[in-house]
Structure formats: C-alpha cells, structure tokens
Amino acid sequence: METKIGKAKLILLQGDITEEKTDAIVNAANSSLLGGGGVDGAIHRAGGSKILEECKEIRKQQGSCPTGEAVITTGGNLKAKYVIHTVGPIWYGGNKNEDNLLHNCYLNSLKLAKENNIKKISFPSISTGVYRFPIEKASKIALKTVIDFLQDEEFREVRFVLFSKKDYEIYLKNLQEIIDWTE
C-alpha cells in the first residue's frame, strides 16, 4: 500500500526490516542499546559488531537511552546507511503514559532523521512484540504521528515494514481510516 502525505510517500509493506535498502531503519531497542530479542536482536545480528560498538560508545557518553528517546548509529552490515534506535514503552495497561511515550518514539526518530538529512526511513511496529503494546492502538499512534510530521517536512519516503500479515492488515485498515478521516 502506498499513499502520498505532503511531499512524501507513505508505504506499508510486509517484510523484514533488516533487508530494507534505505537511508535509515528504526530499531525498537531496549534502554541498554546492547541488543535483545525481536526486531532489536535481528537488527544487531544482521548489522554486525559495528552497530554494537557504536551503541557502547553512546552508552559511555550518555548512559542508557530513555523510553521515547532516540539515538543514531551507522548501519553496519545492513543495506540501510543508518539505524535509529528508539526505546518503546512497555505496556502496563495504558496507565503509565504509554501512548505519549510511543508517540515520542516515532516523533523523536523522525526529528533525528531530519537532523541527519535522512530522506527515506523505515519503521517497524514499535513496542507491539515483547513489550505487549496492543497493535490496534499502537498502529494508530504510529500512523497519526508520522502523517502529522510529514505535513510540513521534506521526506521522500516513510515505510512501515510489518513482520506479519496480521500486523500489515491492522496498519492498512487504520491507515485507510485515518486518510478517510483527514480528507
């Protein structure tokens, strides 16, 4: 699925984010920045030791990465030039500011991309795996945040690379609802 938002293409696809040939992919990282399970582990494995070395340097400079914030490294062995690491919120039932923290993950990743002159970026579905954020709610936050940001910014392409068919279908349904609502 592809649509135009501002001057950018917004694309939804089912696939493996580690295979994306783009300026930057976003990693749903944990606060240690040292790799983990799910998307984080896959990106660290595919990207190789260079990404981990850079994450360790970031940790030396600033410590861990707080939830909702983002940092950037090179892409190591990936096809993407950069990896933007953002720490998504763990779902506690919606009572610990999870919605706002997830919004900040997408917004701060986009701001960091802009600061680094990145024009093409690919996102996974942040926090919807082991962090248990309900994907229906998370996809609406993700799509709305990206669409709002793209209204005034100079990106060429933003992709949501969704691992499962079910996740893709949820994002597609919510994107269609958001586009119908805003038009």
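Listed values, structure above:
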{"read-out": "Every residue from segment 18-53 that is of a type in the set (A, V, I, L, M, F, W, C) and over 17 Å from Lys119 (Cα atoms)", "value": "Ala28, Ala29, Leu33, Leu34, Val39, Ala42, Ile43, Ala46, Ile51, Leu52"}
{"read-out": "Filter result for Ile43 (buried (at least 20 other Cβ atoms within 10 Å of the Cβ), in a helix (DSSP H, G or I) and either touching a strand residue (DSSP E or B) at 6+ places or on another chain (Cβ under 7 Å) or without any contact (Cβ under 8 Å) to a residue 12 or more places away in the chain (or both))", "value": "yes"}
{"read-out": "Helices (runs of 4 or more DSSP H) within segment 80-183 that include 3 or more residues among the polar types (S, T, N, Q) and free of Cβ contacts under 8 Å to residues at least 40 places away in the same chain", "value": "165-182"}
{"read-out": "Those residues of segment 120-155 which are among the hydrophobic types (A, V, I, L, M, F, W, C) and under 13 Å from the mean Cα position of the chain (by Cα), in sequence order", "value": "Ile121, Phe123, Ile126, Ala138, Ile141, Ala142, Leu143, Val146"}
{"read-out": "Residue match in segment 106-114 (condition: under 17 Å from Gly38 (Cα atoms), within 14 Å of the chain's Cα centre (by Cα) and small (Gly, Ala, Ser))", "value": "no"}
{"read-out": "Number of positions in segment 76-90 that are within 17 Å of Lys119 (Cβ to Cβ), surrounded by fewer than 23 Cβ atoms within 10 Å (Cβ to Cβ) and not charged (D, E, K, R)", "value": "1"}
{"read-out": "Pair list, Cβ under 6 Å, 6 or more apart: segment 8-34 residue farther than 20 Å from Phe155 by Cβ and modelled with pLDDT of 95 or more, other residue among the hydroxyl-bearing types (Ser, Thr, Tyr) and outside any loop (DSSP other than H, G, I, E, B)", "value": "Gln14/Tyr168"}
{"read-out": "Hits in segment 10-29 (condition: in a strand (DSSP E or B) and not polar (S, T, N, Q))", "value": "Leu10, Ile11, Leu12, Leu13, Ala24, Ile25, Val26, Ala28, Ala29"}
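The values are calculated or read from the model by the stated rules, or taken from the named source; none is laboratory data. Just so you know, these numbers come straight off a predicted model, no measurement behind them. Backbone-built Cβ (ideal geometry, glycine too); neighbour counts: all protein chains shown.
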